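A short worksheet on the structure shown next.
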Amino acid sequence: MELPQKYDSKVSEPKWQKFWEEEGIYKFDPKSKAEIYSIDTPPPTVSGSMHLGHSFSYSQQDFIARFQRMLGKNVFYPFGTDDNGLATERLIEKMKNVKGQFMKRKEFVKLCLDTLKDIRPDFVQDWKSIGLSADFNIFYTTINEHCQRISQKSFLDLYKAGRIYRKRSPFMWCPECQTAIAQVELKDKEKDSQLVYMKFDTSIGEQVVIATTRPELLPACVAIHVHPDDKRHRKFIGAMAKIPFSDRQVKIMANKDVAMDFGSGVVYHCTFGDMDDVKWIEEFSIEPIEIMNKNGTLNEKAGRFKDLHVKKARAAVINALEEEGRIEKKDPIRHVANVHERCETEIEILMTDQWFIRYLDLKEEFIALGKKMKWHPEHMRVRYENWINGLKWDWCISRQRHFGIPIPVWYCNGCSQAVPAEEKELPVDPIEDKPHKVCKCGSKDFVGEKDVLDTWATSSLTPQIAISLFKDKTLQKKLFPMSLRPQAHDIITFWLFNTTVKSYFHEKSVPWHSIMISGWALDPHGKKMSKSKGNVIHPQEMIKKYSADCLRFWAAGSRLGDDLPFMEKDLVTGQKFVTKLWNASRFALMHLEGYRFSKPKELHVIDRWILSRLSRLVKGSTESFMDYEYSRTKLETEVFFWHTFCDNYLEIVKDRIYNKEKWDNAERESAQYTLYTLLLHILKLMAPIMPYVTEEIYQHYFRQHEKPKSIHLSGWPRLDMIDGHAEKIGDFAVAVVEHARKAKSQKSLSLKAPLKSITAKGKISKEDFKGIFRDLEAAVTCSNIIYEKLDEKHEKEYEILIDL
């Protein structure tokens, strides 16, 4: 069947999406005996629509999934959505113009679930549109009952194992989101501030000057610290300092943690400015003073500054100190502050009741697990290990939000004992449900835990969530550990590490055999994209303007792990490739009429040359894909297609196809076999990267002869026709053709213009030259080609002289 004159991606791409889905092309077969390749697919956060970074990283993981499927493996490639986190909660608040904290929890949760049900299909469609070959029937959401049951069971198991505990202690808090956050949710951000030098009266009759960026915490000052080796301030050690605007006095203590070269060299210890303040509370057995509310305002313990938000309190305290002459100076400073990665609000340290997973004692075990997994690229393991080595606190898994998976615990009103749910009761919501037992103290009066689990406490269970969608225990063992975890480098500390933690606790195993880490998609200037910068590029618009294949072509342009600036010209290059592939296929398929679909007994030397080159390409591409180096396959196939196949082979073989009088049937059949083999193999090599156009061409012609109902089920190329002798002859022929072209181009002559003569000197035999003479004669339009053999020791492989 002849290909249409033009390829229309707007028609083709939706057509093949529908075909793949209806025909179950990417369906995982639990009954298959084939080797399983299981993928722990990242569930994208339902917080809007797909962004360019999604299309970049998900395309890269899909290249690998499609390759493994073409190897004949039974690919387990589920798809889920992460929709129990703060990002989804914020989206729904914005969409519905509500604030969850002011609604009844049950009502807000229902609103979230109903809204997600409405928006999820369009959200998932973005992933289908880029050609993701996941089995969308193996589907989960991180808020559905299936996930809640697994996440709550994880909590119960770790609670029983003594790994989960609840503690009232100072911990990181976001006053904007009004929830505790874990270390992994912190982000460093440079901010302009002031280093304020405050003068305190002391019991030795001299003032001590304290430098701080947090003067608003003055009412919470519990001590003053100086370094014991600091000669300037050693005299103050043991003295008392009076807190301005209060009758309180605090002790001045020796503390080796004080940096003598920062500010005045004197630190005021307030509860809590940072985690050092937390450490010193325990070290010096000091009772904290809690002056901050959960919304970032100051309470009655702040005295005259009560009800002020910390930002306003800062200015108010400075003004009050200035009025009393207690400000020595104020220096502008640019420093790094810890902010919440979700909202970029500066974090505070508050005394709250939180649930933690105890794991700081297992750092060596987690590092050892990291070494058991194969990382692509290898250097990304360093980020994993650096994160583990830098861990300071246990994992805080409780969040003060409405929407999320409830922590399955009640508290006895009789004895205050925590009473966990029974596994058979899961999933439970302790606010709505009651325990089916009495407390050990005999009481039946309980109050439910209001907090929910951190979203990562659930997302860290994606292997178990996906695999347990199948109830066959034998199958589950085959699926775990999973073959691959694909993800971006920015969530190594979030998702990858936490999943490894949960796998260690629950399975005593690594969660995956291999890990592939993608980089970021950046703007054309190499900057991170953000709405505030106005540099966001929407993949949906690029698909509409070009095609999904072109967007994937761009995504294949960087090595795994590298960040890639978005350049629209790369999509233009992809579009040119699609057009050339289509036109070259039209040409080849038009000349396959009468082809017998069998390999001739003898192949023409030019055919043996290019099939040998193709064999090397297939071998190299297979090795590259096996090592997750899809970009090398894309680049080498692209070069082979444009240069070796289109520019040279098609030009040389044209006469053999067209001129039936000059060439016998055997020579034409050799050309047809080679054309068929070349085109099919090029399509297969590019199929993981450009699935739509390759499917279109395959379905038009090759399916009826190759039998598999999709190119993506047709098997990865296997070709062993390397022929070094034929390559030497073919390379010489190409050199003659290229020199002839160049000479004509320099004189602005038509490529069909005849040449007077060519003198070609090379290292092939005269007999070999005879085998390519007719090909050259037609390709360069010259019947007077004189061949001279060079000595094998000659410094050049060939010398070619053109007489126009």
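Yes/no per residue for (1) open to solvent by 50 Å² or more (accessible area, probe 1.4 Å); (2) within 30 Å of TRP393 (Cα to Cα); (3) part of a loop (DSSP other than H, G, I, E, B):
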{"position": "PRO244", "(1), (2), (3)": "no, no, yes"}
{"position": "ASP247", "(1), (2), (3)": "yes, no, yes"}
{"position": "VAL250", "(1), (2), (3)": "no, yes, no"}
{"position": "GLY273", "(1), (2), (3)": "no, yes, yes"}
{"position": "VAL278", "(1), (2), (3)": "no, yes, no"}
{"position": "ILE286", "(1), (2), (3)": "no, yes, yes"}
{"position": "LYS294", "(1), (2), (3)": "yes, yes, yes"}
{"position": "PRO332", "(1), (2), (3)": "yes, no, no"}
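Could you tell me which of the residues VAL184, VAL209 is touching a Phe, Trp or Tyr at 6+ places or on another chain (Cβ under 6 Å), under 18 Å from ALA337 (Cβ atoms) and open to solvent by 10 Å² or more (accessible area, probe 1.4 Å)? Quick ask: steps written out before the conclusion?
Working: VAL209 fails: under 18 Å from ALA337 (Cβ atoms).
The unique qualifying residue is VAL184.
For PRO408, state whether it is open to solvent by 20 Å² or more (accessible area, probe 1.4 Å) and touching an Asp or Glu at 6+ places or on another chain (Cβ under 9 Å).
On the way: open to solvent by 20 Å² or more (accessible area, probe 1.4 Å): no; touching an Asp or Glu at 6+ places or on another chain (Cβ under 9 Å): yes.
In short, no.
Restricting to the range 159-181, what's the tally of residues that are touching a strand residue (DSSP E or B) at 6+ places or on another chain (Cβ under 8 Å) and surrounded by 15 or more Cβ atoms within 10 Å (Cβ to Cβ)?
16
Which one is modelled with the highest pLDDT, of the residues in the range 40-56 that are closer than 24 Å to PRO565 by Cβ and hydrophobic (A, V, I, L, M, F, W, C)?
Here the residue is PHE56.
Does the range 585-605 hold any residues that are assigned to a helix (DSSP H, G or I), within 44 Å of the chain's Cα centre (by Cα) and either closer than 25 Å to PHE773 by Cα or among the polar types (S, T, N, Q) (or both), and which are they?
Looking only at the range 585-605, we keep the residues that are assigned to a helix (DSSP H, G or I), and these are 585-590, 605.
Now restrict to residues that are within 44 Å of the chain's Cα centre (by Cα): 585-590.
If the condition is that a residue be assigned to a helix (DSSP H, G or I), within 44 Å of the chain's Cα centre (by Cα) and either closer than 25 Å to PHE773 by Cα or among the polar types (S, T, N, Q) (or both), then SER585, PHE587, ALA588 are the ones that fit.
Of the residues GLU706, GLU651, GLU667, GLU696, which single one is of a type in the set (D, E, K, R), free of Cβ contacts under 8 Å to residues at least 40 places away in the same chain and over 20 Å from ILE64 (Cα atoms)? Please lay out each step first, then the result.
Working: GLU651 fails: free of Cβ contacts under 8 Å to residues at least 40 places away in the same chain; GLU667 fails: free of Cβ contacts under 8 Å to residues at least 40 places away in the same chain; GLU696 fails: free of Cβ contacts under 8 Å to residues at least 40 places away in the same chain.
So the residue among GLU706, GLU651, GLU667, GLU696 that is of a type in the set (D, E, K, R), free of Cβ contacts under 8 Å to residues at least 40 places away in the same chain and over 20 Å from ILE64 (Cα atoms) is GLU706.
What are the residues in the range 130-184 that are assigned to a helix (DSSP H, G or I) and of a type in the set (A, V, I, L, M, F, W, C), if any?
In the first step, residues of the range 130-184 are kept if they are assigned to a helix (DSSP H, G or I); the result is 145-160, 183-184.
Those that are assigned to a helix (DSSP H, G or I) and of a type in the set (A, V, I, L, M, F, W, C): CYS147, ILE150, PHE155, LEU156, LEU158, VAL184.
Looking only at the range 221-242, count every residue that is open to solvent by 30 Å² or more (accessible area, probe 1.4 Å) and closer than 30 Å to LYS306 by Cβ and tell me the total. Lay out the reasoning, then the answer.
Step one: filter the range 221-242 for residues open to solvent by 30 Å² or more (accessible area, probe 1.4 Å), giving 228-229, 231-232, 234-235, 237-238, 240, 242.
Of the ones still in play, those that are also closer than 30 Å to LYS306 by Cβ are 240, 242.
Within the range 221-242, residues that are open to solvent by 30 Å² or more (accessible area, probe 1.4 Å) and closer than 30 Å to LYS306 by Cβ number 2.
Pull out all pairs, ordered by first then second residue, where Cβ-Cβ is under 9 Å, the residues are six or more apart or on different chains, the first lies in the range 511-528 and is among the β-branched types (Val, Ile, Thr), and the second is crowded, with 16+ Cβ neighbours inside 10 Å and in a loop (DSSP other than H, G, I, E, B).
Final answer for the pair search is ILE515/MET373; ILE517/PRO377; ILE517/LEU560; ILE517/GLY561.
For the range 296-330, which residues satisfy the criterion of being within 44 Å of the chain's Cα centre (by Cα), surrounded by 15 or more Cβ atoms within 10 Å (Cβ to Cβ) and of a type in the set (Gly, Ala, Ser)?
Correct list: GLY296, ALA313.
Quick check on the range 1-18: of everything there that is without any contact (Cβ under 8 Å) to a residue 12 or more places away in the chain and within 14 Å of LYS128 (Cβ to Cβ), which residue is least open to solvent (accessible area, probe 1.4 Å)?
Ranking the candidates gives PRO14 first.
Scanning the range 527-570 for residues that are of a type in the set (S, T, N, Q) and in a loop (DSSP other than H, G, I, E, B), which turns out surrounded by the fewest Cβ atoms within 10 Å (Cβ to Cβ)? Please lay out each step first, then the result.
Step one: of the range 527-570, the residues of a type in the set (S, T, N, Q) are 530, 532, 535, 540, 547, 558.
If we keep only those that are in a loop (DSSP other than H, G, I, E, B) too, we end up with 530, 532, 535, 547, 558.
Working: SER530: 10, SER532: 7, ASN535: 15, SER547: 25, SER558: 19.
Ranking the qualifying residues of the range 527-570, first place goes to SER532.
Looking only at the range 453-466, decide whether some residue is over 22 Å from ALA87 (Cβ atoms) and acidic (Asp, Glu).
Scanning the range 453-466, I find no residue that is over 22 Å from ALA87 (Cβ atoms) and acidic (Asp, Glu), so the answer is no.
So which of VAL501, VAL447, VAL419 ends up being within 29 Å of ILE349 (Cβ to Cβ), in contact with a strand residue (DSSP E or B) (Cβ under 7 Å, 6 or more places away or on another chain) and among the hydrophobic types (A, V, I, L, M, F, W, C)?
Numbers: VAL501 fails: in contact with a strand residue (DSSP E or B) (Cβ under 7 Å, 6 or more places away or on another chain); VAL419 fails: within 29 Å of ILE349 (Cβ to Cβ).
Exactly one residue qualifies, and that residue is VAL447.
With respect to ILE786, determine if the residue is in contact with a strand residue (DSSP E or B) (Cβ under 8 Å, 6 or more places away or on another chain) and touching a residue at least 24 places away in the same chain (Cβ under 8 Å). Break it down stepwise before answering.
Numbers: in contact with a strand residue (DSSP E or B) (Cβ under 8 Å, 6 or more places away or on another chain): yes; touching a residue at least 24 places away in the same chain (Cβ under 8 Å): yes.
Answer is yes for this residue.
Hey, among GLU344, GLU365, which residue is touching a strand residue (DSSP E or B) at 6+ places or on another chain (Cβ under 9 Å), among the acidic types (Asp, Glu) and not in a strand (DSSP E or B)? Let's see the steps before the verdict.
On the way: GLU365 fails: touching a strand residue (DSSP E or B) at 6+ places or on another chain (Cβ under 9 Å).
Selected residue: GLU344, the only one of GLU344, GLU365 that is touching a strand residue (DSSP E or B) at 6+ places or on another chain (Cβ under 9 Å), among the acidic types (Asp, Glu) and not in a strand (DSSP E or B).
Looking at ASP40, is it charged (D, E, K, R), within 16 Å of the chain's Cα centre (by Cα) and open to solvent by less than 40 Å² (accessible area, probe 1.4 Å)? Write out each step before concluding.
Values: charged (D, E, K, R): yes; within 16 Å of the chain's Cα centre (by Cα): yes; open to solvent by less than 40 Å² (accessible area, probe 1.4 Å): yes.
Spelling it out, ASP40 is indeed charged (D, E, K, R), within 16 Å of the chain's Cα centre (by Cα) and open to solvent by less than 40 Å² (accessible area, probe 1.4 Å).
Name, by its number, the condition in (1) open to solvent by 10 Å² or more (accessible area, probe 1.4 Å); (2) in contact with an Asp or Glu (Cβ under 9 Å, 6 or more places away or on another chain); (3) in contact (Cβ under 8 Å) with a residue 60 or more places away in the chain that does not hold for LEU751.
(3)
Which one is surrounded by the most Cβ atoms within 10 Å (Cβ to Cβ) among residues in the range 626-675 that are within 38 Å of the chain's Cα centre (by Cα) and farther than 30 Å from PRO486 by Cβ? Walk me through how you get there before you give the answer.
Of all residues in the range 626-675, those within 38 Å of the chain's Cα centre (by Cα) come to 626-647.
Next, only the ones that are farther than 30 Å from PRO486 by Cβ stay: 643-647.
Details: HIS643: 13, THR644: 19, PHE645: 23, CYS646: 16, ASP647: 15.
Top of the filtered list is PHE645.
What residue, among those in the range 439-480 that are out of contact with any helix residue (DSSP H, G or I) (no Cβ under 9 Å at 6 or more places or on another chain) and open to solvent by less than 60 Å² (accessible area, probe 1.4 Å), is nearest to PHE139 (Cα to Cα)?
Among those residues, the one meeting the criterion is VAL452.
Name every residue in the range 490-503 that is of a type outside the set (A, V, I, L, M, F, W, C) and in contact with a helix residue (DSSP H, G or I) (Cβ under 6 Å, 6 or more places away or on another chain), in order of residue number. If you could, list the steps in order and put the result at the bottom.
Step one: filter the range 490-503 for residues of a type outside the set (A, V, I, L, M, F, W, C), giving 490, 493, 498-500, 502-503.
THR493, ASN498, THR500, listed by residue number.
Quick one: is TYR595 in contact (Cβ under 8 Å) with a residue 12 or more places away in the chain, buried (at least 19 other Cβ atoms within 10 Å of the Cβ) and closer than 23 Å to ALA687 by Cβ?
Details: in contact (Cβ under 8 Å) with a residue 12 or more places away in the chain: yes; buried (at least 19 other Cβ atoms within 10 Å of the Cβ): no; closer than 23 Å to ALA687 by Cβ: yes.
Taking the combined requirement at face value, the residue does not satisfy it.
Scan the range 347-360 residue by residue and report those that are assigned to a loop (DSSP other than H, G, I, E, B) and either surrounded by fewer than 19 Cβ atoms within 10 Å (Cβ to Cβ) or not hydroxyl-bearing (Ser, Thr, Tyr) (or both).
Listed by number, the residues that qualify are ILE347, ARG358.
Considering every residue within the range 185-206, establish whether at least one is in contact with a helix residue (DSSP H, G or I) (Cβ under 8 Å, 6 or more places away or on another chain), under 30 Å from TYR26 (Cβ atoms) and assigned to a strand (DSSP E or B).
No, the range 185-206 has no match at all.
The values are calculated or read from the model by the stated rules, or taken from the named source; none is laboratory data. A quick note: this is a predicted structure, and the numbers were derived from the prediction, not measured. Virtual Cβ from ideal backbone geometry, glycine too; neighbours counted across all protein chains shown. Heavy atoms of the whole protein, side chains included, go into the accessibility calculation; ligands, DNA and RNA do not. Shrake-Rupley method; radii C 1.70, N 1.55, O 1.52, S 1.80 Å.
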